[in-house]
Amino acid sequence: MGRHDAAHSSANRRPITIVQVVLLAVAAIALIWVGAKLIGYSQGQQIYRSMQSAYAQDGGVDFSALANDYPGAVAWIRMDDLETIDYPVMQGKDNDFYLHNDPKGNSSVDGSIFLDYRNNAVNTDMHSIVYGHNMRDGSMFGTLKSYTDQDFYKKGTGKFTVFTPTGTYRYQIFAINIVDPTDDTFLVGFNDTKAFGTFVDQLKADSMYDTGVSATGYDQIVTLSTCSSSDRLVVSAKRVRE
């Protein structure tokens, strides 16, 4: 290669600019962040797979062993149409702890499925609320949004099972809605059938679509709640006998 060729080749090799360096750094950080998130999701679900194997076999839940190992566990929820929702239900002294911690009390991006701290028991209060994260990988309550599709609801049973230390209960979904975090949907502590009936009527009236399932103030209601952008997706169900 002659001097002219060498000079021409050198001129074609443009130096890397500061902007390019910054873009490469940002891309690398993004990849690391995504990788860390995926690892966090996987590790977060490992404890639940272990708990399912240890306590929730043969169609039931061993509450004696579960409560002994996890004193914060008050129930277990299993949904007919959403196989990914098969979790212990925890309860803390507030609604913040299990939002950020797993059943062992360790910090977790998944958090836990948990009962509102204001409730006495999921199966005895007129209205109980169970919360869970809307995880991008579909874990926790990440698939609950499937019920915003009326066709999905119609194709399934629209039911779920709640296991407790005192019994097993079945629930039929009757209302699905997206509400503000301060909405009256999150009221608990009812003790008057008439007032509760008005509340249940409103849940039904506000539903995204008509499920064809009735509900009254004499029903025991469980509402499942998860994030939907800055709002909340709420799925309300009444206890039924089968």
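Using Cα pairs closer than 8 Å and at least 6 residues apart in sequence, work out the relative contact order for region 52-240, in percent. Relative contact order here is 21 percent.
Please give the net charge around Thr198, taking every other residue with its beta carbon less than 14 angstrom from that of Thr198, where Lys and Arg add +1 and Asp and Glu add -1. Each step should come with its number before you reach the end.
Values: positive: Lys194, Lys204; negative: Asp184, Asp192, Asp201, Asp206, Asp219.
For residues surrounding Thr198, the net value is -3.
Evaluate E = 1/(1 + (r/R0)^6) for Asp96 and Thr182, where r is the Cβ-Cβ distance and R0 equals 25 Å; express this FRET efficiency to the nearest 0.05. E between Asp96 and Thr182, to the nearest 0.05, is 0.90.
For Val213 and Ser107, the FRET efficiency from 1/(1 + (r/R0)^6), where r spans their Cβ atoms and R0 equals 41 Å, is about 0.60. In this Cβ point-charge picture (+1 for Lys and Arg, -1 for Asp and Glu), region 52-240 has a dipole of about 280 debye about its Cα centre.
Placing +1 at every Lys and Arg Cβ and -1 at every Asp and Glu Cβ, with all other atoms neutral, what dipole size does region 45-154 have around its Cα centre, in debye to the nearest 20? Mind dumping the intermediate values first?
Numbers: 8 positive and 16 negative charges, 42 e Å.
For region 45-154, the charge dipole is close to 200 debye.
Taking other residues whose beta carbon is less than 9 angstrom from the beta carbon of Thr226, and scoring Lys, Arg as +1 and Asp, Glu as -1, yields +2. Listed by chain and number, the lysines placed with their C-alpha closer than 22 angstrom to that of Lys154 are Lys145, Lys204, Lys238; residues fewer than eight positions away on the same chain are left out.
Here the spin labels are modelled as points 7 Å beyond Cα on the Cα-Cβ line, and at Val240 and Ala54 they lie 3.4 nm apart.
Laboratory data are not the source of any read-out in this text; all were calculated from the coordinates shown. Here the structure is a predicted model, which is why all the values come from computation and not from measurement. Every residue, glycine as well, gets a Cβ built from its backbone with ideal geometry; the counts of neighbours run over all protein chains shown.
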